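One structure is given here, and the rest of the page talks about it.
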Amino acid sequence: MTGKAPMQFLLQYRMTKAAGMLQVSDMKIAEILQEVGYENQLHFSRAFKSLFNKSPKQYRQEMRWKKPTEIEMSK
């Protein structure tokens, strides 16, 4: 694996983990971004929005009560 593939995998892994935390926990977004390896909230929000087409806050509000199997990442 070289180039973008490992980076894309890591991005998707981090954002999927963050999405799950946003859905089921009451952790603050600032805590979640640190938990998944981000230090900068703007970078985290941009990366999250690039995969889910909504901000972490919007995602939390819309997905809070959906089952994990109902969640789909848009590409």
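The values are calculated or read from the model by the stated rules, or taken from the named source; none is laboratory data. All figures in this text were calculated on a predicted structure; none of them were measured in a lab. So basically every Cβ, Gly included, is an ideal-geometry build from the backbone, and we count neighbours across all protein chains shown. For accessibility, only protein heavy atoms count, side chains too; no ligands or nucleic acids. Shrake-Rupley method; radii C 1.70, N 1.55, O 1.52, S 1.80 Å.
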Give me the extension gain from Gln8 to Lys54: residue separation times 0.36 nm, minus the current Cα-Cα distance, reported in nm with one decimal. 14.7 nm
Which of the peptides 33-45, 4-16 is most tightly packed, and how do the rest follow, going by the mean number of other Cβ atoms within 10 Å of each residue? 33-45, 4-16
HN-Hα J in Hz across region 25-39 - Karplus 6.51, -1.76, 1.60, θ = phi - 60°, x for Gly and Pro: 10, 9, 4, 5, 4, 4, 6, 5, 4, 5, 4, 9, x, 10, 10
Take the solvent-accessible surface of the protein heavy atoms, probe 1.4 Å, and return the percent of it on region 1-63 that carbon and sulfur atoms account for. 54
With a sphere of radius 12 Å drawn around the Cβ of Ser55, what net charge do the other residues whose Cβ falls strictly inside it have (Lys, Arg +1; Asp, Glu -1)? +4
Which ³J(HN,Hα) values in Hz, rounded to whole numbers, follow from the phi angles of region 42-48 under the Karplus curve 6.51 cos²θ - 1.76 cosθ + 1.60, where θ = phi - 60° and Gly and Pro get x? 5, 4, 4, 4, 5, 5, 4
Table column - 3J(HN,Hα) (Hz), region 6-11, Karplus curve with 6.51, -1.76, 1.60, x for Gly and Pro: x, 5, 5, 4, 4, 4
Taking a probe of 1.4 Å and leaving out DNA, RNA and ligands, region 1-44 shows per residue an accessible area in Å² of 70
